[in-house]
Amino acid sequence: MSATPPERPTVLLVDDEAEILVAFEDLLDEDYRVLTTTSPARALEILAAEPDVSVIVSDQRMPEMPGHVFLSRAREISAAETLLLTGYADIEAVIAAVNDGRIGGYAHKPWEPEALRAMIARAAERTRLRRELSFEQALFAALVERSPDLVGVIDGEGRVVRGNAEVMTPEGQAQDRAVMASGEVGDEELREIGADGQPLYRRVRRFPLEIDGGAYLLKVISDESEQRRLQLRLQQSEKLQALGTLAGGIAHDFNNLLTAVNGNLELAAARAEDPRLVRYIDSASEAARRGAGLTKRLLSFSRQGEMTVETADPNAIVLGMRDLILRTTELKEVVFDLAPDIWPVHADPEQLELAILNLAINARDAMPGGGQVRIATRNAVVAAGDADLRAGDYATIALIDSGEGMTAEVAARVFEPFFTTKERGRGTGLGLPMVHAMAVNAGGRVTLETEIGQGTTVTIWLPRSAGELAPAAGASENPDACRALRVLLAEDDAAVRAVSEEYLRALGHEVVSVSGGAAALALFAAEPFDLVMTDFAMPGLSGAEIAEAIERARPGTPVLIVTGFADTIALPPHVGSLRKPFTQSELDAALCACKTITGEAR
């Protein structure tokens, strides 16, 4: 007899345009029970009658009331996850809603179907976890109050007359007497640090009793450590999700600015002759590169569940970063202790490099007087597994410093976003949370061992991969792949468009540029082009829609999509991608790779 399939989650969709509701239903009805309405007021009535709604998806701009106002009211009567649909102009409403804790994410119109489905699936899962946690909390409290263990009755002399003697603790005697004297119920939470360095939470409940004229105290002590850890993990997940969606939303505009800044500096450097001017340009370029690096680190939040996971060699990644680590950290003593038989892992190599660099910088900052940093790789087998790591084979990358170490209180908070002990201007509080997000998304985890005065060890655990390592990228086999091309450029940002034009001409290509998708398609229909280069997110037609139209009009024409977002949607075979901000050499490589996809344009 087969098990009963789980009930489909319920999703409530609110949009004043009926056509959009129909599109939503078509997108979701296979996996969800879908409720729809064009009226926010009617939606509030539905929520009052439907306590099982898991996810609420609302448009922002509605005549009856704005989406963020509706969602704020909805959260007062429903524990469902809330998602906001917006246009780019609505970013201020989104930021206000995130800051108020009212939304768990948002998506831009027009949405990308698979990305929206994934966002709704994650929101439904968070609701399920929250409801399970709420149920477990209620069940746990009931069991503790009725359990015979760690329950005792204390008399007026401080003696345990019934139950478990462990309820009588020296540090709790004063509180016991105070509760008996007041006649009011006492509820106290105790926090301690266990032998393994992890926080332990105990709740002590005291109930004054009067029996046969005598004063007694019913005392119940329950261990809530695992419950609190579940709460902290859920809160951490929600924080990272909200930060990730916000980072992904602002990425396009911010990377446009960086593309224009980097591009103009690179073009200026090629024409500068005055040594002092060259130094100024180099200094500005370095600052812009640091800005691009910070953006990249922020965007790792919005890539949760969508990272480019592949089979990678941990030793090769560490050794490939050797010079970068030494140059960036300026550490005098770095020891590389790499296991020769290290297993290949499932990971995003780019994100893993960022994680290792973050840890190396943290290790340097933990040793203001200097010291040794050791980077070690090892194979590890997890037999039983736990809440954070499944049983199986793992490769570990550990960074061990001989620095100041951390207190237990600081160590318990290091994975919180924006928590930092560094002085103002030296730390963002994003390094370790991003390392943690990278490892978890790859199926692993991060552990931390530290002691005041004894240094810190941070270990990244990544699952072993059974796949083959990808061969090193070689030169293009087509000697004519990068010949001079006639390029159609579509970019709505004037500064980015100007830089892109200069880059293309400097590379020997002919370029014709337009500021939008419709103009690009009209020009493409009238004139021959070897390749189309287009921004991903533009008003009107998106880069993906332009690529589809070009493939229909002239199959096989190479298209290069330039994006400022953390990830690009799955692209057709004839479409390449380039992430902002980019340099002239990176554009050249992307053009060659894109052109090689189909060979000569037809």
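Miscellaneous remarks
- Leading residue by the ranking (farthest from the chain's Cα centre (by Cα)) among those in the range 41-64 that are buried (at least 18 other Cβ atoms within 10 Å of the Cβ) and more than 26 Å from E7 (Cβ to Cβ): M62
- The residues listed here are K239, K219; of these, the one that is within 23 Å of G105 (Cβ to Cβ) and either modelled with pLDDT of 80 or more or basic (K, R) (or both) is K239.
- Evaluated against (1) more than 17 Å from E81 (Cα to Cα); (2) at pLDDT 70 or above; (3) of a type in the set (A, V, I, L, M, F, W, C); (4) assigned to a helix (DSSP H, G or I), W111 falls short on exactly one condition, (4).
- Selection within the range 418-447 - over 19 Å from A398 (Cα atoms) and modelled with pLDDT of 65 or more: T420
- The range 300-358 - residue that is in a loop (DSSP other than H, G, I, E, B) and modelled with pLDDT of 85 or more and, of those, surrounded by the fewest Cβ atoms within 10 Å (Cβ to Cβ): P340
- As a summary of the residue check, M180 satisfies the conditions (1) in a strand (DSSP E or B); (2) surrounded by 12 or more Cβ atoms within 10 Å (Cβ to Cβ) except for the one numbered (1).
- Checking each residue in the range 498-520 for being surrounded by fewer than 20 Cβ atoms within 10 Å (Cβ to Cβ) and either part of a helix (DSSP H, G or I) or without any contact (Cβ under 8 Å) to a residue 24 or more places away in the chain (or both) picks out A498, E501, E502, R505, A506, A518, A519.
- Filter result for P528 (modelled with pLDDT of 90 or more, in a loop (DSSP other than H, G, I, E, B) and surrounded by fewer than 16 Cβ atoms within 10 Å (Cβ to Cβ)): yes
- Given (1) crowded, with 16+ Cβ neighbours inside 10 Å; (2) closer than 24 Å to L507 by Cα; (3) at pLDDT 80 or above, number of the condition G556 does not satisfy: (1)
The values are calculated or read from the model by the stated rules, or taken from the named source; none is laboratory data. In this text the structure is predicted, and so the values were computed from the model without any measurement. With ideal geometry, Cβ positions are generated from the backbone for all residues, glycine too; neighbour counts draw on all protein chains shown.
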